[in-house]
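Worksheet: the structure to be examined is printed underneath.
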Amino acid sequence: MDAIAAGLSLAIGPLAAIYAINAIGLNVQFGYAGLLNFGQVGFMLVGGYGLAISVAVFGVPFWIGVAIGLLAAVGLALLLGYPTLRLRADYLAIATIAIAEILRLIVNTKSLVNFSGGSFGIPSAVTDNIGFSDTYYAIGERFFALFGSTLAGNFFRVGFLKIDGRGLWTMIVGWTLAAIFAFFVWLLMRSPWGRVIKAIREDEDAARALGKNTFVFKMQALTLGGVLGGVAGMLFVLLPGTVSPNVFLPILTFYTYAIVLAGGAATVTGPILGSVVFWFLFGAIDNALRNSSTFASVAGPMVLGLVGLGLMLVMIFRPQGIVGNKQEMILDV
Amino acid sequence: MSDRSRALESVSAEPGVVKPDPVLIVDSVSKSFGALRAVDVDHMEIQRGTITALIGPNGAGKTTLFNLLTGFDRPDQGTWTFDGQSLKSLGAHRIARTGMVRTFQLTKALTRMTVMDNMRLGAGNQNGESMTRAMIPSIWAAREREVTDQATELLHRFQLHHMRDEYAGTLSGGQRKLLELARLLMSKPRIAMLDEPMAGVNPALTESLLEHVKNLPNEGMTVMFVEHDMDVVMDISDWIVVMGQGRIIAEGRPHDVAQNQEVIDAYLGAHHEDTSVYDQGPVEIDHDLALRVAAGKTA
């Protein structure tokens, strides 16, 4: 019962919301356009660091920092897409996974310590930079005041979830943004633009033969997905109010892939439901292992294995994902 | 004999011959893959409003020539103009927009999209394909209705209307060929380049597919197609261009080509006195085809 409660708590919490946004972005790229982006965490990184560095180190206002984070994601998409989108799909996969790692190692570099905080991150004791999340939580404070409550130092209950005010604020922002982005994806994918995007996934040459400039469409899909990754990355660093290179590991991309596939690729609600299910499994299994005398010491690695097993079961019994279309799956050759 | 074949009546049957009203003119287009000269066409003209077949043994360079002309591959050198416009440096999608639209040897039905969406994709001038405008349906809804009406009419004509809401992946091979042709017509091309439109289609559907292709010139379209089925070629072509070893080795009306010694040799890989053209290795032979060409069989 404790495990279920822990799972449900994680499933609706801020982290699940952040991953839902990230997965909506990856779903535009991978699910709809068929672009193999294996470096979604790179987009999170440039979004998070773009915001943190510009606000904490250069002292620009918060909203300009947000704009810089978004522009950094757009820039990364252009940088990745320009050389690789004219080539076969595999090249994008190689380039994305490589550049995400390169970016992580760059911000980790000791010689950049005054800029990115190096391995200490931002804010850190070695640099005298200011907190980049102050404005974000000040806005949250005003939002909470509307309901006669306060954010700082306050604790709340949402179902089984016990959460502090800061976490609740990111949870509210995250799920709201996830809903808005899902709505935009729905709007886009029922339009002629979405039709071309899906056609490119099915057969790019067919789309070109019908006069569609597939390079531009692919670039747009990559950029849109990247920007959503950037937004997820900003929330990811705003939640703790700190940023450090060692959280932007490739496994974040693979969690996001698992979420997209479990929820149902090329569906509007799939990434959101996928994130809820993924983090439910994660939270529940993690809690059960930690509370068992036998497995408590190996809970860390074991939870990954068991979540993987859970996802395998989803894929075996619902290969199209939770909300995916079975027929589409069968036709996938 | 139709008007359009009458226009070609006085044209002499020799490679690279000048046509009275060419819509497509190809000059010195060549492409090599390593040491293999896949395409080496000195001069070729396609008469407007006719059906021209491009035939030749396997490996003659027919599909490669199609790829070059439609921008799916880059030639090493050469120029070609479509209705006076040079297509040399245009990308595949730009060439398609000029009105030269192709199909593929291996059918490219977009399997996880509905038949109707396949059709709608073919249409041009859809504002809603712009990412920003896509989010406001009122901008593109009117054009979408037009496109849907056009698609509905074509689907009726191609007897695919009952499948309109099914995934294209559920269609049979022959139906996919029909869909690909119908989708091509959605873009209202001026020249249709069909790469083996009848391949893998059962005889009953071949009849209906043939009728559709035969009708295209009546709608003001020029047709150029690659085909291996000689009955089809002899039946519907106004003009035949024969390729061998990347070159154009013969041209003419169906009866000219059927009697042409070079064509017969190319298909049979016969020991011709002048072996220089063929000494790059054995020609793969389609015996059935060769024998029918050799016998001068016309349908």
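Data table
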| item | result |
| --- | --- |
| Those residues of the range B:97-111 which are closer than 20 Å to B:Ile46 by Cα, touching a Phe, Trp or Tyr at 6+ places or on another chain (Cβ under 7 Å) and either facing another protein chain (nearest Cβ under 7 Å) or surrounded by fewer than 22 Cβ atoms within 10 Å (Cβ to Cβ) (or both), in sequence order | B:Thr98, B:Arg102 |
| Condition broken by B:Met119, with the remaining ones in (1) facing chain A (nearest Cβ under 10 Å); (2) touching a residue at least 60 places away in the same chain (Cβ under 8 Å) satisfied | (1) |
| Filter result (assigned to a helix (DSSP H, G or I) and surrounded by fewer than 19 Cβ atoms within 10 Å (Cβ to Cβ)) within the range A:71-96 | A:Leu71, A:Val74, A:Gly75, A:Leu78, A:Leu79, A:Tyr82, A:Pro83, A:Ala89, A:Asp90, A:Tyr91, A:Ala93, A:Ile94 |
| Only one of B:Lys88, B:Lys19 that is more than 23 Å from B:Val213 (Cα to Cα), modelled with pLDDT under 95, part of a loop (DSSP other than H, G, I, E, B) and among the charged types (D, E, K, R) | B:Lys88 |
| Residue tally, condition without any contact (Cβ under 8 Å) to a residue 60 or more places away in the chain and among the polar types (S, T, N, Q), over the range A:214-255 | 2 |
| Condition met for A:Trp186 (surrounded by fewer than 19 Cβ atoms within 10 Å (Cβ to Cβ) and of a type outside the set (Gly, Ala, Ser)) | yes |
| Test: residue in the range A:300-308 that is surrounded by 14 or more Cβ atoms within 10 Å (Cβ to Cβ), within 21 Å of the chain's Cα centre (by Cα) and within 19 Å of A:Leu8 (Cβ to Cβ) | yes |
| Residues satisfying the stated conditions in the range A:123-138, i.e. among the aliphatic types (A, V, I, L, M) and modelled with pLDDT under 90 | A:Ala125, A:Val126, A:Ile130 |
| Looking only at the range B:133-178, and only at residues there that are outside any helix (DSSP H, G or I) and hydroxyl-bearing (Ser, Thr, Tyr), the one that is farthest from the chain's Cα centre (by Cα) | B:Tyr167 |
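Per-residue answers, yes or no, for (1) facing another protein chain (nearest Cβ under 10 Å); (2) crowded, with 17+ Cβ neighbours inside 10 Å; (3) more than 20 Å from A:Arg88 (Cα to Cα):
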| position | (1), (2), (3) |
| --- | --- |
| B:Leu69 | no, yes, yes |
| B:Arg74 | no, no, no |
| B:Gln77 | no, no, yes |
| B:Leu87 | no, yes, yes |
| B:Ala92 | yes, yes, no |
| B:Ile95 | yes, yes, yes |
| B:Met113 | yes, yes, yes |
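Residue by residue, here is whether (1) under 17 Å from the mean Cα position of the chain (by Cα); (2) more than 8 Å from chain B (Cβ to nearest Cβ) holds:
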site	(1), (2)
A:Phe181	yes, yes
A:Val185	yes, yes
A:Met189	no, yes
A:Gly194	no, no
A:Glu202	no, no
A:Ala207	no, no
A:Asn213	no, no
A:Gln220	no, no
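The values are calculated or read from the model by the stated rules, or taken from the named source; none is laboratory data. Everything numeric in this text was worked out from a predicted model, so none of it was measured. Cβ atoms come from the backbone with ideal geometry, glycine included; neighbour counts cover every protein chain shown.
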